[in-house]
Amino acid sequence: MSDSRHFCSCDDVSCPLNPNNPNNLAKGLGCDGCIRKNLSLGEVPSCIFKALGDIERWDDFSVEGFARFVAEHPRGADERERCRMAAAAFEEGHAT
């Protein structure tokens, strides 16, 4: 049996905008609501932060806070190459 969870990495499933909130998951809703909310507040979704490092003690999810977070959590050359290859494979698999 396949996992029906959305790929969202946010652990706050009680959030009404989380795709893994049972109400959203049952309706097949994705990240749109969360992204709309973050854009309107000048923030970056926590999943983007999580892709770069531990956010346990981070409390500034503004665009400016994201810039600081990126500076404090630089990716090494190996990780940048892994991401470049993953993006290339994605593009190749989705070319029209």
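The values are calculated or read from the model by the stated rules, or taken from the named source; none is laboratory data. Keep in mind the model is a prediction, meaning the values are calculated, not measured. Neighbour counts are summed over all protein chains in view; Cβ atoms, including those assigned to glycine, are modelled from backbone coordinates with ideal geometry. Please note that ligands, DNA and RNA were not included when accessible areas were found on the heavy atoms of the full protein model with its side chains. Shrake-Rupley method; radii C 1.70, N 1.55, O 1.52, S 1.80 Å.
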Across (1) within 26 Å of ASP78 (Cβ to Cβ); (2) over 12 Å from the mean Cα position of the chain (by Cα), ILE48 clears everything bar (2)
Looking only at region 6-36, count every residue that is open to solvent by 40 Å² or more (accessible area, probe 1.4 Å) and farther than 27 Å from CYS83 by Cα and tell me the total. 10
Say we look at region 38-50 and pick out the residues that are open to solvent by less than 80 Å² (accessible area, probe 1.4 Å) and aliphatic (A, V, I, L, M); which of these is modelled with the lowest pLDDT? ILE48
Pairs returned, first residue in region 53-79 that is among the small types (Gly, Ala, Ser), second residue that is exposed (fewer than 14 other Cβ atoms within 10 Å of the Cβ) and outside any helix (DSSP H, G or I), beta-carbon separation under 7 angstrom, 6 or more apart or interchain, are SER62/GLY42
Here are the criteria: (1) without any contact (Cβ under 8 Å) to a residue 24 or more places away in the chain; (2) in contact with a helix residue (DSSP H, G or I) (Cβ under 7 Å, 6 or more places away or on another chain). Tell me which single one CYS10 does not satisfy. (1)
